[in-house]
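FYI, it's all coordinate maths here, none of it is from the lab. Quantities reported herein were computed from a predicted structural model and do not represent experimental measurements. Backbone-built Cβ (ideal geometry, glycine too); neighbour counts: all protein chains shown.
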């Protein structure tokens with residue numbers, strides 16, 4: 001196995017695993033809009049309705065599925081990266097105080113963010129198991 005093949009496997013693993021990670025969150029917005037309402041209220045200081053949560057969940061799920069398929073890479077990879085960056089930075093208080101339970105769990109978002117940055121930078125090399133080359 002050459003280094004290009006190893007790179008493609010690594011990038012595909014990052015894309016698919018982070019895609020599954022995001023599907024959990026996007027589907028939650030559809031199934032449990034009340035959880036999404038609490039999250040938006042607490043971390044973004046925005047009050048949303050259950051129907052808006054549903055619409056956001058559907059849109060986010062479409063973007064995540066396109067991302068997982070490797071479609072429109074600059075847009076879908078950028079959208080996933082942007083959404084996760086906003087989500088991660090909105091928890092800065094928890095990140096700055098990791099030893100107050102359960103704040104250490106918020107730190108799981110940081111390596112995901114850095115993996116998404118790497119994937120965005122290497123998106124042209126991410127061709128394994130994608131619809132578009």
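Summary of values
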quantity: Matching entry among 130, 114, 76 (being in a loop (DSSP other than H, G, I, E, B) and either closer than 30 Å to residue 4 by Cα or out of contact with any helix residue (DSSP H, G or I) (no Cβ under 9 Å at 6 or more places or on another chain) (or both)); calculated: 130
quantity: Residues satisfying the stated conditions in region 86-111, i.e. in a helix (DSSP H, G or I) and in contact with a helix residue (DSSP H, G or I) (Cβ under 6 Å, 6 or more places away or on another chain); calculated: 88, 94, 95, 103, 106, 109
quantity: Residues of region 30-57 satisfying the condition of being under 18 Å from residue 85 (Cβ atoms) and surrounded by 16 or more Cβ atoms within 10 Å (Cβ to Cβ); calculated: 39, 40, 43, 56
